[in-house]
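The values are calculated or read from the model by the stated rules, or taken from the named source; none is laboratory data. Being a predicted model, the structure only gives us computed values, none of them experimental. Here the Cβ positions follow ideal geometry from the backbone for every residue, glycine too, while neighbour counts run over all protein chains shown.
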Protein chains: 2
Amino acid sequence: MSAVTSTRIVLASRPDGEPNPGNFRTETTKLPELSDGQVLLRTVYLSLDPYMRGRMSAAESYADPVEVGEVMVGVVVAQVVESRSPDVPSGSYVLSYSGWQTHAVADAGSVRLLDPDAAPLSTALGVLGMPGFTAYAGLLRIGRPQPGETVVVAAAAGPVGSAVGQIAKIHGARAVGIAGGPDKCAYVRDELGFDAVIDHRAPDFAEQLRAAVPGGIDVYFENVGGPVTAAVLPLLNLYARIPVCGLVSQYNAATAPEGPDRLPAFMGLILTKSLTVRGFIQSEFVREMYADFERDASRWLSEGRLKYREDVVDGLGNAPEAFLGMLHGTNFGKLVVRVGPEE
Amino acid sequence: MSAVTSTRIVLASRPDGEPNPGNFRTETTKLPELSDGQVLLRTVYLSLDPYMRGRMSAAESYADPVEVGEVMVGVVVAQVVESRSPDVPSGSYVLSYSGWQTHAVADAGSVRLLDPDAAPLSTALGVLGMPGFTAYAGLLRIGRPQPGETVVVAAAAGPVGSAVGQIAKIHGARAVGIAGGPDKCAYVRDELGFDAVIDHRAPDFAEQLRAAVPGGIDVYFENVGGPVTAAVLPLLNLYARIPVCGLVSQYNAATAPEGPDRLPAFMGLILTKSLTVRGFIQSEFVREMYADFERDASRWLSEGRLKYREDVVDGLGNAPEAFLGMLHGTNFGKLVVRVGPEE
């Protein structure tokens with residue numbers, strides 16, 4: 001087979017605060033010939049997720065940043081175009097960490113075979129993939145909701161938040177969601193079946209939240225930070241748990257905001273309420289819980305107890321704009337870029 | 001027996017920020033006659049502890065505040081002067097929550113018999129009492145130090161901090177203490193055997209702390225807050241644990257300090273380092289761990305592996321001044337007021 005050309009989106013420069021389209025650049029590159037044990041992949045779906053904002057910055061984090069000039073990281077669903085591995089045959093579909101590009105060469109051992117008949121392929125990037133597992137592990141391992149307790153989660157129409165609330169309900173807890181705008185709120189309440197939903201854009205958001213949790217908050221699944229967190233803190237119960245999964249509202253802040261300094265009061269609250277605040281990345285729990293997650297989430301999905309919604313954008317070239325919008329909540333459901341056709 | 005008079009120190013007014021002697025008032029009161037099942041107590045030792053500052057304020061906390069005009073709360077070692085309970089004979093020594101007073105009537109079921117031959121009576125207020133158990137439970141249940149890990153604790157010459165470091169060493173961890181002034185630092189290093197000690201008054205405190213933890217910090221036992229916490233945060237390792245036991249440096253703050261607002265950066269650190277921050281009160285763990293603590297701490301004490309130091313102040317009338325000084329670290333060791341003679 002002659003050498004294949006891949007179109008890819010690389011990090012052109014690091015953002016200073018808010019990222020913009022100029023931080024990305026489209027390139028084409030010739031892929032190398034396959035070696036034994038490698039596969040040539042054609043990207044079908046690219047997952048866009050908030051954690052990618054962190055990788056654009058050089059600040060110390062749990063993962064190495066993307067280097068300037070390198071392809072943006074990301075998980076994709078891809079079809080195998082050519083294979084030099086008996087384990088991953090040509091024509092099969094795989095999950096791969098190939099990033100924002102149309103084609104890639106990967107070691108067969110680094111990809112994971114998907115069964116296209118078990119569930120729609122794109123669910124491997126959402127409800128049955130990393131976002132779903134993030135919700136499952138963070139909620140059950142750190143949040144540990146008990147029957148009758150109240151779980152609050154923001155970005156409740158998104159892939160992580162929607163799963164958090166639904167899994168909380170499955171475990172007998174009360175789910176209160178926070179979302180932006182009437183359409184998302186209606187979806188969270190009417191489609192996902194949360195017990196209550198609050199629009200964080202409402203001027204009386206904090207009062208509405210208080211009214212929605214008459215028994216206080218036992219688990220706050222933290223994925224946004226900012227004003228939502230500020231409204232949640234006074235409502236936390238003794239022994240409340242806060243799995244900290246993301247802080248999308250503050251990813252673009254270049255400097256510490258003005259005072260007053262709320263850190264001492266937060267430490268005081270942790271002390272007087274015996275709170276547990278625990279940051280996590282889903283990868284920490286893969287060994288311990290991933291098999292359980294696959295079994296549970298597939299069953300809940302087939303039973304209609306775990307619903308999801310996707311926001312599919314067509315064309316790799318639209319990935320930067322879709323990603324930048326996601327940081328402001330413009331997507332409605334799991335954001336996926338359709339890079340190529342399924343077949 | 002004729003009615004007994006008790007001298008007691010009551011909360012005269014709630015402090016506005018820094019408490020002062022005017023917030024306390026000395027009164028005398030006639031105690032009621034004993035009913036069946038009650039004992040008359042003569043206070044020997046009164047324990048003074050930082051948590052009492054919280055009880056002087058009306059702010060919501062894990063425990064009800066002391067009401068204005070009521071006797072200040074506190075644990076005491078007392079001798080039974082008269083008994084109408086077969087379980088607690090006259091002449092015996094007990095632990096009781098009688099507060100800042102010379103005599104008290106208590107239900108026999110609310111006191112705990114002490115063996116004056118097992119250990120010095122005052123240790124029931126310190127290394128073998130609530131402060132020792134606070135260190136034991138918070139360190140082992142939340143901090144969970146592993147062999148070779150680094151544990152940092154402030155107020156390292158005090159009753160909780162000194163036990164934290166020594167128990168960390170017993171469990172194979174490295175103990176780094178923070179204390180105020182050369183005498184306390186020498187005691188922590190030379191008597192208690194911490195691996196390193198830093199004087200928080202040193203102008204280059206943060207740099208000295210960094211140099212003392214070349215492998216970073218795995219457990220920060222939080223009992224002070226303020227500048228010590230600020231110096232610790234950048235040194236925390238991935239998966240570090242922070243048991244939050246007290247925040248004595250900020251108990252007197254009446255309003256939130258000026259900015260910048262460090263809360264967003266702290267949440268970001270919790271996320272990127274997968275930190276566990278967990279507030280606790282020792283009472284949460286009594287059922288689960290107190291028997292283990294008594295067994296372990298008594299053995300370590302007798303083996304010379306768990307040392308302690310007491311700062312004994314004579315006379316109940318000196319309790320307010322001693323308490324106010326403790327909030328600024330003027331005591332050296334567990335602060336105890338000798339209210340009456342042992343025999």
What tally of residues in segment B:106-129 results from selecting those that are out of contact with any strand residue (DSSP E or B) (no Cβ under 9 Å at 6 or more places or on another chain) and surrounded by 19 or more Cβ atoms within 10 Å (Cβ to Cβ)? 1
Give segment B:293-323 a look and list any residue that's out of contact with any strand residue (DSSP E or B) (no Cβ under 9 Å at 6 or more places or on another chain) and not charged (D, E, K, R), or say none. B:PHE293, B:ALA297, B:SER298, B:TRP300, B:LEU301, B:SER302, B:GLY304, B:LEU306
Among the residues that make up segment A:230-244, is at least one of them within 12 Å of chain B (Cβ to nearest Cβ), in a loop (DSSP other than H, G, I, E, B) and either modelled with pLDDT of 95 or more or in contact with a helix residue (DSSP H, G or I) (Cβ under 7 Å, 6 or more places away or on another chain) (or both)? no
Taking B:GLY172 as the residue in question, decide whether it is over 24 Å from B:GLY279 (Cβ atoms) and either touching a strand residue (DSSP E or B) at 6+ places or on another chain (Cβ under 8 Å) or surrounded by 23 or more Cβ atoms within 10 Å (Cβ to Cβ) (or both). no
Would you be able to tell me the number of residues in segment B:276-293 that are surrounded by fewer than 19 Cβ atoms within 10 Å (Cβ to Cβ) and either in contact with a Phe, Trp or Tyr (Cβ under 9 Å, 6 or more places away or on another chain) or facing chain A (nearest Cβ under 7 Å) (or both)? 6
If I ask for residues that are part of a helix (DSSP H, G or I) and closer than 15 Å to A:TRP100 by Cβ, which ones from segment A:315-343 would you list? A:LEU316, A:GLY317, A:ASN318, A:ALA319, A:PRO320, A:GLU321, A:ALA322, A:PHE323, A:LEU324, A:MET326
All conditions in (1) in contact with a strand residue (DSSP E or B) (Cβ under 9 Å, 6 or more places away or on another chain); (2) within 14 Å of chain A (Cβ to nearest Cβ); (3) buried (at least 20 other Cβ atoms within 10 Å of the Cβ); (4) not polar (S, T, N, Q) are true of B:LYS273 except (3)
Selection from segment B:57-81 of residues under 23 Å from B:ASN20 (Cβ atoms), crowded, with 16+ Cβ neighbours inside 10 Å and away from chain A (no Cβ under 14 Å) yields B:VAL66, B:VAL71, B:MET72, B:VAL73, B:GLY74
Here are some residues: B:ASP183, B:ASP117. Which one is of a type in the set (D, E, K, R) and not in a helix (DSSP H, G or I)? B:ASP117
Can you name the condition, by its number, that A:SER274 falls short on among (1) under 30 Å from B:GLY259 (Cα atoms); (2) without any contact (Cβ under 8 Å) to a residue 24 or more places away in the chain; (3) among the hydroxyl-bearing types (Ser, Thr, Tyr)? (2)
Could you check, for segment A:294-303, whether at least one of its residues is surrounded by fewer than 20 Cβ atoms within 10 Å (Cβ to Cβ), out of contact with any Leu (no Cβ under 9 Å at 6 or more places or on another chain), within 27 Å of B:CYS245 (Cβ to Cβ) and modelled with pLDDT under 95? no
Determine, yes or no, whether B:TYR220 is over 25 Å from the mean Cα position of the chain (by Cα), in a strand (DSSP E or B) and either within 11 Å of chain A (Cβ to nearest Cβ) or within 18 Å of B:LEU139 (Cα to Cα) (or both). no
Filter segment B:247-259 down to the residues that are buried (at least 20 other Cβ atoms within 10 Å of the Cβ) and of a type outside the set (Gly, Ala, Ser), then identify the one that is nearest to the other protein chains (Cβ to nearest Cβ). B:LEU247
Do the conditions hold for A:ARG25, that is, is it surrounded by 15 or more Cβ atoms within 10 Å (Cβ to Cβ) and within 23 Å of the chain's Cα centre (by Cα)? no
Does A:ARG262 satisfy the condition of being under 19 Å from B:SER249 (Cβ atoms) and at the interface with another protein chain (Cβ under 7 Å from one of its Cβ atoms)? yes
Of the residues B:VAL277, B:VAL312, only one is outside any helix (DSSP H, G or I), out of contact with any Cys (no Cβ under 7 Å at 6 or more places or on another chain) and closer than 19 Å to B:ARG144 by Cα; which? B:VAL277
Residues that are surrounded by fewer than 17 Cβ atoms within 10 Å (Cβ to Cβ), more than 23 Å from the chain's Cα centre (by Cα) and either of a type outside the set (S, T, N, Q) or not assigned by TED's automatic domain parsing to the domain that holds A:SER35 (or both), drawn from segment A:86-105: A:PRO86, A:ASP87, A:PRO89, A:GLY91
How many residues, within segment A:186-203, are part of a helix (DSSP H, G or I), touching a residue at least 24 places away in the same chain (Cβ under 8 Å) and hydrophobic (A, V, I, L, M, F, W, C)? 1
Can we say B:ALA156 is in contact with a Phe, Trp or Tyr (Cβ under 9 Å, 6 or more places away or on another chain), part of a loop (DSSP other than H, G, I, E, B) and assigned by TED's automatic domain parsing to the domain that holds B:LEU247? yes
Does segment B:221-230 include one or more residues that are charged (D, E, K, R) and crowded, with 24+ Cβ neighbours inside 10 Å? yes
In segment A:130-162, what residues are touching a strand residue (DSSP E or B) at 6+ places or on another chain (Cβ under 6 Å) and β-branched (Val, Ile, Thr)? A:ILE142, A:THR150, A:VAL151, A:VAL152, A:VAL153
As an exercise: evaluate A:GLY304 against (1) facing another protein chain (nearest Cβ under 8 Å); (2) assigned to a loop (DSSP other than H, G, I, E, B) and give the number of the one condition it does not meet. (1)
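Residue-by-condition table, conditions (1) of a type in the set (Phe, Trp, Tyr); (2) outside the structural domain of A:ASP49 (by TED's automatic domain parsing); (3) free of Cβ contacts under 8 Å to residues at least 40 places away in the same chain:
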residue	(1), (2), (3)
A:PHE205	yes, yes, yes
A:ASP218	no, yes, no
A:VAL228	no, yes, no
A:LEU247	no, yes, yes
A:ALA253	no, yes, no
A:GLU258	no, yes, yes
A:PHE266	yes, yes, yes
A:ILE270	no, yes, yes
For segment A:289-296, state whether one or more residues are outside the structural domain of A:VAL76 (by TED's automatic domain parsing) and in a loop (DSSP other than H, G, I, E, B). no
